[in-house]
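The structure under discussion appears below in the form of structure tokens.
The values are calculated or read from the model by the stated rules, or taken from the named source; none is laboratory data. In this text the structure is predicted, and so the values were computed from the model without any measurement. Positions of Cβ are backbone-derived with ideal geometry, glycine not excepted, and every protein chain shown enters the neighbour counts.
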Amino acid sequence: MLFAERGRFVTPSSRKIIREFGPRGWFDVRNLDAYIYGRWVREYVYILLHIIIPRLTPEAKSRWADRYHGKVLTLDLAQAIVSVQEDIPLTDLEQIIPYAAARDLVLHGPPDMAVFPCGCRQTRTNPCTPIDVCMVIGQPFVDFILEHHPKTARRIRPAEALQLLQAEHNRGHMHSAWFKDTNLNRFYVICNCCKCCCGGIEAMVKYGARSLAPSGYVARVEEALCAGCAACAEACPFQAIGINGHARIDWEKCMGCGVCVGLCPNQAVSLVRDEGKGIPLDVRALVHERRDGGEDRAMADQTGR
């Protein structure tokens with residue numbers, strides 16, 4: 001309900017969201033869309049997957065992906081985000097998030113986090129379990145989710161977030177960081193995605209809406225170790241692996257999620273950096289980059305250059 005304690009018409013977290021958006025920003029359709037998503041996640045995802053995306057033209061799919069998109073993360077990169085220990089206010093990450101909108105990254109360490117039921121899994125008849133695998137990162141989004149979904153959302157600490165990520169990786173699920181086009185323009189959630197339920201994967205594989213950016217890595221097969229068992233091909237969310245004597249990677253389709261690496265019984269698959277797949281969303285590297293940049297500027301100030 002929108003009615004809060006003491007007779008107020010708007011909940012505290014909604015007031016916080018309104019302050020973040022600003023008086024004019026609150027009436028921006030992009031922000032209203034984000035508000036609706038946060039309030040009615042399952043219904044929002046269902047309408048998007050079953051009514052809107054299937055009817056979009058290729059041009060419209062491109063515009064939609066620009067406004068609402070994710071960055072594929074390896075397990076290591078996802079764990080680094082939830083365990084960051086210092087503030088990382090970085091913007092204009094064009095090489096990491098190759099979209100025109102919502103490319104800013106604002107993390108406050110240690111991050112405030114909450115976990116709540118995955119909207120994609122909730123829309124499926126027989127969803128993968130557990131469904132409590134979506135992690136909201138940072139304010140004001142954490143308070144908003146907790147207040148509007150008090151029965152299903154809960155706050156978590158970094159240690160539990162790390163365990164959740166590892167458990168989902170062990171199940172053969174991939175990780176992704178999502179950005180939404182609001183006037184806040186920032187990252188807000190880590191999803192743990194299975195290929196049978198995830199709306200982002202379905203939009204990309206089934207409908208050609210390229211809403212996910214690759215991790216910056218690509219899978220590589222050690223042919224001498226590969227038994228051709230097809231475990232990796234069956235698990236791949238992006239249909240990027242074929243079997244012809246041994247596993248073969250389709251470079252164009254591979255997003256570098258690492259699902260195949262975790263499920264290969266012979267450890268025949270690994271991830272390697274590939275510049276053609278973009279730059280990883282590695283908060284550790286971003287922290288070092290910011291420090292180095294700050295030291296360079298300090299040196300320039302001292303030398304008068």
Residue list for the stretch 208-222, filter: at negative phi, part of a loop (DSSP other than H, G, I, E, B) and at pLDDT 95 or above: PRO214, SER215, GLU222
Check on THR182, of a type outside the set (A, V, I, L, M), modelled with pLDDT under 95, outside any helix (DSSP H, G or I) and crowded, with 18+ Cβ neighbours inside 10 Å: yes
Residue in the stretch 46-58 that is touching a residue at least 24 places away in the same chain (Cβ under 8 Å), within 15 Å of the chain's Cα centre (by Cα) and either surrounded by 16 or more Cβ atoms within 10 Å (Cβ to Cβ) or on the phi < 0 side of the Ramachandran plot (or both) present: no
Among residues of the stretch 128-158, those that are modelled with pLDDT under 90, of a type outside the set (S, T, N, Q) and not in a helix (DSSP H, G or I), counted: 2
Residue count, the stretch 26-51 (criterion: modelled with pLDDT of 80 or more and assigned to a helix (DSSP H, G or I)): 15
Out of PRO111, PRO89, PRO23, PRO54, sole residue that is under 26 Å from GLY172 (Cα atoms) and either outside any strand (DSSP E or B) or modelled with pLDDT of 75 or more (or both): PRO111
Condition broken by LEU271, with the remaining ones in (1) within 20 Å of HIS169 (Cα to Cα); (2) free of Cβ contacts under 8 Å to residues at least 40 places away in the same chain; (3) touching a Phe, Trp or Tyr at 6+ places or on another chain (Cβ under 8 Å); (4) not acidic (Asp, Glu) satisfied: (2)
